[in-house]
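Visitor: Questions regarding the structure given below will be posed in turn.
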Amino acid sequence: MATTQEATAFVAKHRYARLTARKARLIADVIRGASANRALEELEFSPKRAAAFYLRVLRSAIANASQDANVDVNRLVVSDCRADDGPLLNNRMRWRPGPQGRAMPYRKRTSHLTVVVSEHQDMGEDV
């Protein structure tokens, strides 16, 4: 009879990251579902700017998990990885000069990066 253990999730967030969520989602899709060690390796060698942001957030989530004595850090898996839209910088659009005295708007976007890691549960393997 197998005992059921509740998998505890450990969360780390970077709020108001000065990065667009659309670009951050490209990296989030790469590491979602991967083991923590594999995700660290992917992020270290990725040329995308968002990888540096996610590397710090993932290391923080792993450090949060390591505070629990019952968790094996080598068995952690990135169970959820998100990039949500944050507010515009200073809550408003900025303006750039346009032709014939017009003002052309542009947005300085921010995002909220979230990484959730949990311990991988092996299904009862019979040897």
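The values are calculated or read from the model by the stated rules, or taken from the named source; none is laboratory data. Being a predicted model, the structure only gives us computed values, none of them experimental. Neighbour counts run over all protein chains shown; Cβ positions are idealised from the backbone, glycine included.
Visitor: Within the bounds of region 40-60, is there any residue that is closer than 19 Å to Gln121 by Cα and not in a helix (DSSP H, G or I)?
Guide: no
Visitor: Return the pairs, sorted by first residue and then second, in which the second residue is acidic (Asp, Glu) and outside any strand (DSSP E or B), the first residue lies in region 80-102 and is closer than 30 Å to Val117 by Cα and at pLDDT 95 or above, the beta carbons are less than 9 Å apart, and the residues are 6+ apart or on different chains.
Guide: Note: pairs meeting the criteria are Cys81/Asp29.
Visitor: OK, next. Of all the residues that make up region 57-72, how many are of a type in the set (A, V, I, L, M), surrounded by fewer than 16 Cβ atoms within 10 Å (Cβ to Cβ) and over 25 Å from Ala24 (Cβ atoms)?
Guide: 1
Visitor: Output the residues belonging to region 103-117 that are at pLDDT below 95, assigned to a strand (DSSP E or B) and under 26 Å from Ile27 (Cα atoms).
Guide: Tyr106
Visitor: Looking only at region 39-48, count every residue that is closer than 19 Å to Arg82 by Cβ and either of a type in the set (Ser, Thr, Tyr) or over 14 Å from the mean Cα position of the chain (by Cα) (or both) and tell me the total.
Guide: Number satisfying all stated conditions: 1.
Visitor: Of the conditions (1) more than 14 Å from Thr114 (Cβ to Cβ); (2) in contact with a strand residue (DSSP E or B) (Cβ under 7 Å, 6 or more places away or on another chain); (3) of a type in the set (D, E, K, R); (4) in a helix (DSSP H, G or I), Arg25 fails just one. Which one is it?
Guide: Exception for Arg25: condition (1).
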